[in-house]
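The values are calculated or read from the model by the stated rules, or taken from the named source; none is laboratory data. The structure presented is a predicted model; accordingly, all values stated were derived computationally and were not measured. Note that each Cβ is placed from the backbone with ideal geometry, even for glycine, and that neighbours are counted across all protein chains shown. Just the protein is used for accessible areas: all its heavy atoms, side chains included, with ligands, DNA and RNA removed. Shrake-Rupley method; radii C 1.70, N 1.55, O 1.52, S 1.80 Å.
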Amino acid sequence: MPDNDKIISVNSPDRNVTDPENSEQENLYQKLIDSARIPEHSPGLMRALSQGDAFCMGEYFFIHDDDWLMAIGYPLHGTYSHEDFENALEEAIAQCGQPTLQCYAVAPDLPERLQDTIIDRDRFYVLSSSAPIPARLRSPVRKAAQVLRVEESTAFTAAHRRLWAEFMGRADRGEMASLAPHVRELYARTPEALAETADSGCLRFLNAWDSEGHLAACLLLDYAPKNFVSYILGAHSRAHYVPHAADLLFASMIERAKAAGKRFIHLGLGVNEGILRFKKKWGAVPSLPYVMAQWQEEAENTEQSIAHDFALALLRSSTLTKRQILAMQPEQRPFAMFYEVEKNGKVSYLCGTAHFFRYSFENSFRKLFRKVDHVIFEGPLDDKFMADVDKNGKDLEPGFTPLLEQLTEAEIQKLERVVRGPEGTWARLAGLEAGKKANVREILATMRPWCAFFTLWTAFLERLEWKCSVDMEAWRIARDMGKNIIGMENLEEQLASLNSVPIERVLTYFRNCREWKLYSRRNLKAYLAGDLEGMMGSSAEFPTRTGTIISVRDQRFRERMRPYLEEGRTAVFVGAAHLLNLRWMLAEDGYTLRRCLPTMSHRLKAFLHNEKEVRWW
């Protein structure tokens with residue numbers, strides 16, 4: 001293999017740092033940009049869209065995160081070789097160090113052992129940056145230019161949210177060719193991708209606006225590769241339709257690529273007949289062949305996971321009894337903390353979550369998600385995002401007095417008894433001592449107030465067998481069912497809210513820790529009943545439920561969910577406290593809200609309380 005066959009991260013090299021490691025990283029980053037042959041060679045784009053770590057093995061580029069690996073089988077220099085690719089792939093898999101690794105590869109071809117894992121075949125198409133506007137399109141493009149304003153931007157606005165929701169909604173309803181799961185993921189990741197590449201400005205929208213300020217069409221372009229511009233994806237509106245808006249953007253894209261000194265435009269894959277026909281009418285010609293594969297690599301003698309054991313138990317009924325199999329699953333309850341939201345015949349759902357809970361709602365969520373295309377959360381819930389939040393929570397600001405020093409010794413000991421539970425020889429013999437215990441003093445000494453609160457509250461609830469998370473469970477199921485997942489807030493916005501939690505509220509909550517068991521019982525009962533007002537009465541003491549935090553975020557959620565509610569077939573998950581204001585905000589926007597009642601018990605209570613706007617689920 002080539003000399004540079006070791007792993008070197010190519011994530012956002014710091015050009016102001018001159019130490020050897022960063023210099024080598026910058027050189028490799030520049031190598032990728034200079035030698036890129038396909039859109040997937042652009043490290044900034046791939047990092048932003050996948051949230052994985054980028055690295056090179058010899059002439060081959062890889063993206064890796066946790067338990068998955070993406071291999072880009074187009075060498076940066078030279079021609080593709082089965083042997084060279086296999087060697088690079090073997091080294092990359094070994095370097096990842098995971099017992100089970102979900103692998104993906106795109107390449108012009110693949111070795112014999114991977115032929116059966118190929119799930120897609122296509123070709124890349126390119127267009128010269130000197131290509132003229134086809135004769136039959138000159139007049140339509142000129143007419144479109146008279147009514148549309150073309151501009152470049154790097155912001156994902158409310159107008160883009162509306163266009164994305166409209167465009168994907170048409171695909172979901174069969175009004176246009178369906179979108180492959182990985183293509184849907186590109187659309188879903190666009191806001192985060194633009195935010196992550198904002199400093200370089202390499203990822204840009206090319207927008208076409210009509211005279212009333214509506215977004216008629218847009219293209220997402222990547223300018224990072226030295227020799228070409230990549231056309232990543234695009235969308236056009238039927239609600240604000242302007243003939244040949246997409247053609248006008250193509251003409252502008254060619255002009256801008258030439259002005260930027262690019263040799264050609266990479267138009268990506270043929271995808272389907274309609275998209276390929278559009279590209280060919282502009283003179284696109286086939287380039288490199290493309291295959292995509294998906295498979296799983298497993299280390300030998302790997303200990304099987306609980307999930308795998310459970311799957312085997314279902315297949316081999318003799319291994320475990322039905323009762324034992326059911327005992328492995330979290331206890332289920334019907335989900336009742338949600339509302340049907342309707343306007344102009346478009347139906348969606350507004351759901352209140354609890355970050356920590358005792359029961360699972362998987363069956364209810366799967367039933368709900370069969371009715372929707374988009375599932376929206378307060379923010380992303382992937383591992384990378386959660387790790388960044390956790391890192392911030394454990395990074396005390398300079399000069400901050402740790403919570404450990406703001407509580408008395410008696411208050412700390414009381415908090416330890418509540419969080420850790422009974423301890424000592426007799427508690428252990430009686431089976432009352434928890435196996436996993438939180439180091440309360442260390443948490444108070446090293447964490448920001450909001451992080452200390454969540455960490456200790458979670459530890460307390462886990463001791464009471466509260467091991468589920470409503471929002472995380474919903475996110476996992478939505479991902480497994482292939483839904484379009486959207487986060488309404490970015491990392492900075494969520495951290496700003498968390499870090500605005502008043503310290504005194506956290507300290508008061510800790511000082512009242514003897515009431516936590518009562519809080520949790522009332523919270524549990526009200527949440528299962530779908531009793532929003534009752535739940536708020538039982539948990540208004542929570543440090544994070546301040547008027548300022550809730551009201552500011554409510555308005556933000558209102559604005560960012562609205563384009564998807566207008567499209568319909570959307571489920572929105574926000575903390576239950578946000579439902580109080582959001583119900584009235586949406587009513588002001590002309591929506592009708594009805595409580596959804598999953599069981600006869602819920603319906604009977606609604607009847608006794610004379611509730612009118614309800615929906616039997």
* Asked: Taking the Cα atoms only, what angle lies between the long axis of helix 20-35 and the longest principal axis of the chain, rounded to 10 degrees?
  -> 50
* Structure fact -> With Rh as the Kirkwood radius over Cα pairs, the range 444-582 has Rg/Rh of 0.96
* Whose amide H sits under 5 Å from the amide H of Trp68, counting only residues 5 or more places off or on another chain, with H placed in the peptide plane? -> Gln102
* **Shape metrics for the range 46-159, restricted to C-alpha atoms - Rg then Dmax, Å** => 20.4, 59
* Quick one: angle between helix 449-463 and the longest Cα principal axis of the chain, in degrees between 0 and 90, rounded to 10, please. => 60
* Mean shadow area of the range 549-598 over all directions, Cα convex hull, nm² -> 3.7
* Label 7 Å along Cα→Cβ of Ile119; the range 374-406 residues with amide nitrogen under 20 Å? -> 374-375, 382-383
* **Relative contact order, percent, the chain [alpha-carbon distance under 8 Å, six or more residues apart]** => 15
* Structure fact -> Row for the range 451-497, column shape: gyration tensor on C-alpha, a ≥ b ≥ c, rounded if a/c < 1.5 i.e. under 1.5, prolate if a/b over b/c, else oblate; value oblate
* Asked: How would you rank 452-460, 338-346, highest first, on the average number of other Cβ atoms within 10 Å across their residues?
  -> 452-460, 338-346
* To do: Sequence neighbours fewer than 8 away in the same chain don't count; with that in mind, list the lysines whose C-alpha is under 24 Å from Lys371.
  => Lys343, Lys346, Lys483, Lys612
* the chain - percent of accessible surface contributed by carbon and sulfur, probe 1.4 Å -> 50
* To do: Name the lysines eligible as straight-distance cross-link partners of Lys394: C-alpha to C-alpha under 27 Å, and not fewer than 8 places from it in the same chain.
  => Lys384, Lys414, Lys436, Lys437, Lys467, Lys517
* Regarding the chain, what is the average projected area of its C-alpha convex hull, in nm²? -> 33.2
* Run the quick spin-label model on Ser601 and Glu423: label points 7 Å from Cα toward the beta carbon, then report their separation in nm to one decimal. => 3.7
* Asked: Per 5 Å bin, what is the whole-percent P(r) computed from every C-alpha pair distance within the range 349-484?
  -> 2, 9, 15, 16, 15, 13, 12, 9, 6, 3, 1
* To do: May I ask for the equivalent-ellipsoid semi-axes of the range 205-305, computed as the square root of five times each C-alpha gyration tensor eigenvalue and listed largest first in whole Å?
  => 34, 19, 15
* When a/c is below 1.5 the answer is rounded, else prolate if a/b is larger than b/c, else oblate, so apply that to the range 116-247 with a ≥ b ≥ c taken from the square roots of the Cα gyration tensor eigenvalues. => rounded
* Structure fact -> Computed over the range 446-534, protein heavy atoms only, probe 1.4 angstrom, the accessible area per residue in square angstrom equals 42
* By how many nm would the segment from Asn392 to Arg263 lengthen if fully extended, with 0.36 nm per residue of separation less the alpha-carbon distance? -> 42.1 nm
* Asked: Based on the mean of other beta carbon atoms within 10 Å per residue, what is the order of 42-51, 414-423, most packed first?
  -> 42-51, 414-423
* For the pair Gln30 and Arg238, what calculated FRET efficiency results from E = 1/(1 + (r/R0)^6), where r is the Cβ-Cβ distance and R0 = 41 Å, to the nearest 0.05? -> 0.45
* Asked: Could you give the angle, 0 to 90 degrees to the nearest 10, between helix 306-315's Cα long axis and the longest principal axis of the Cα atoms of the chain?
  -> 80
* Asked: Of the listed peptides 365-377, 242-254, 278-290, what is their order by residue-averaged count of other C-beta atoms within 10 Å, with the highest listed first?
  -> 242-254, 365-377, 278-290
